[in-house]
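In what follows, a structure is listed as structure tokens, so that the remarks can point back to it.
Just so it is clear, none of the values below were taken in a lab; they were calculated from the coordinates. The shown structure was predicted, so the numbers you read here are calculated from the model rather than taken from an experiment. Backbone-built Cβ (ideal geometry, glycine too); neighbour counts: all protein chains shown.
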Amino acid sequence: MAILTKSIDYIAYKQILKRIKKLNISCNVNDSITLTVSEIKQISPNNTKIIICLLCNKCLKIFFRQLNTLTLEEISTNYNLCKWCKMAITNKNLYGAENAFASPEIKEKIRRKVLQKYNVEYISQAKEIKEKVKFTIQNKYGKQYTSTSQVPSIRAKQVKTLYINGTQKCSKQQKYFFDILSTEFNCKLNYPLSNLSLDIALIDEQINIEYNGSGHKLNIKLGSMTEQQFKHKEIKRSIIINKYNWKQIFIIAPHDKIKNYTDEEYIKIINIAIMYLLNTNHHWVKIYIEENIFETSVYIQTITNILNL
């Protein structure tokens with residue numbers, strides 16, 4: 001049931017007594033009676049502010065609304081949405097391909113209005129809006145954050161949602177390693193751990209296999225992050241992974257040249273790395289595919305020698 005308020009205690013005031021009797025309810029003036037939400041809706045004046053408790057049919061969260069804002073249809077069908085779910089549906093209606101609101105004419109009208117007011121095509125690009133968003137985020141979460149994706153608690157929810165929906169970005173190379181390893185291990189692609197997304201998580205072994213290809217340092221190339229900031233981010237990521245007692249295997253191919261070895265050879269290389277991590281107190285192994293190097297904190301070997309073991 002979307003409406004959690006099942007009944008309401010009501011005083012039969014003289015001015016609405018006739019309305020009450022039209023519902024075939026027998027009472028006298030100033031009697032205390034118990035009515036359903038639907039009955040109250042029918043007898044109450046439009047300006048009556050009675051608050052009722054509802055359950056959102058989409059997100060299943062409890063919220064409150066004034067009875068005079070509900071229609072009889074909403075009450076009878078027991079279908080109600082909180083403001084956040086309504087907002088999500090409205091946005092989908094505006095931009096979703098299946099809805100009439102998504103017509104090119106409407107999109108163009110929105111674009112022109114934004115262009116006229118902010119001198120940009122999309123409202124998210126407007127400097128004024130960006131500053132307002134930044135101020136709101138910093139005021140709520142702290143001066144160190146400039147976007148909600150930087151807030152650990154929010155980022156954790158985002159990562160989990162992307163994982164559940166299967167919409168997290170994934171390179172062809174990452175998918176390739178996931179596919180060959182899935183035949184041997186219980187693997188999860190883009191598995192959420194705290195506020196992180198692990199490339200390929202070996203669930204039983206608690207080992208993350210991280211593919212660092214040509215897009216690994218893209219933020220530095222694009223100028224959105226300095227080398228120092230990137231290193232700090234990498235260190236912070238490793239600290240979180242270690243905190244949860246996970247270990248890591250880094251597969252490194254800066255030019256995405258991964259055809260140097262067969263599927264079987266890759267499985268053997270990674271199996272050796274896994275056995276090393278499970279049988280020692282060390283936390284990482286780095287496999288440089290293009291340089292033919294297998295590195296640990298204790299020794300460095302060529303991948304060729306590792307394969308000959």
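Between Ser26, Ser297, Ser197, which gets the highest mean-square fluctuation from a Gaussian network model of the chain, Cα cutoff 10 Å?
The residue that fluctuates most here is Ser26.
Which value in deg cm²/dmol, rounded to the nearest 500, describes the helix-derived mean residue ellipticity at 222 nm for the chain, given -39,500 (n - 2.57) per DSSP H run of n ≥ 4 and division by the residue count?
Working: 12 runs with 129 residues, N = 309.
It lands at -12500 deg cm²/dmol.
Mind pulling the angle between the C-alpha long axis of helix 263-278 and the longest principal axis of the chain? Nearest 10 degrees, somewhere in 0 to 90.
Rounded to the nearest ten degrees, it is 80.
Test of understanding: in a Gaussian network model of the chain with alpha carbons linked when under 10 Å, which of Thr71, Thr262, Thr136 would top the mean-square fluctuation ranking?
Thr71
Set the bar at 21 Å for Cα to Cα. Now go through Lys58/Lys132; Lys188/Lys231; Lys134/Lys243; Lys243/Lys268; Lys175/Lys259 and name every pair that lies beyond it.
Distance filter (> 21 Å) returns Lys58/Lys132; Lys188/Lys231; Lys134/Lys243; Lys243/Lys268.
In terms of Cα to Cα distance under 12 Å, which aspartates and glutamates are near enough to Lys107, apart from those fewer than 8 places away along the same chain?
Once the sequence-local aspartates and glutamates are set aside, what remains near Lys107 is Glu121.
Determine the percent antiparallel among the DSSP beta bridges restricted to the chain, to the nearest 5.
Values: 26 of 37 bridges.
Roughly 70 percent of the beta bridges in the chain run antiparallel, per DSSP.
Using alpha carbons only, how many angstrom separate the centre of region 174-240 from the centre of region 139-172?
That distance is 15 Å.
For the chain, what Kirkwood radius comes out of the mean inverse Cα-Cα distance, in Å? Could the numbers behind the result be given before it?
Details: mean 1/r = 0.0397 Å⁻¹.
It is 25.2 Å.
Between 0 and 90 degrees, rounded to the nearest ten: what's the tilt of helix 127-141 against the longest Cα principal axis of the chain?
The answer is roughly 90 degrees.
Neighbour counts of other C-beta atoms within 10 Å: give me Asp256, Asp204, Asp199 arranged from fewest to most. Can you show the working numbers first?
Details: Asp256 15, Asp204 9, Asp199 24.
Ascending Cβ contact count within 10 Å gives the list Asp204, Asp256, Asp199.
How much length, in nm to one decimal, is gained on full extension between Val133 and His255, taken as 0.36 nm per residue of separation minus their Cα-Cα distance?
40.2 nm
Using only the alpha-carbon atoms, how far is helix 104-118 inclined from the longest principal axis of the chain? Give it as 0 to 90 degrees, nearest 10.
80 degrees
Just want the answer: with Cβ charges of +1 for Lys and Arg and -1 for Asp and Glu, which residue in Ile200, Gly223, Tyr261 is farthest toward the dipole's positive end in region 168-269?
Farthest towards the positive pole: Gly223.
To make sure I understand the rule: partners must be lysines, Cα under 18 Å from the Cα of Lys109, and not fewer than 8 residues away in the same chain. Which ones qualify?
Leaving aside lysines fewer than 8 places away in the same chain, those within reach of Lys109 are Lys92, Lys117.
For Tyr176, Tyr276, Tyr13, what's the fewest-to-most ordering of other Cβ within 10 Å of each Cβ?
Details: Tyr176 15, Tyr276 18, Tyr13 11.
If I rank by nearby Cβ atoms, fewest first, I get Tyr13, Tyr176, Tyr276.
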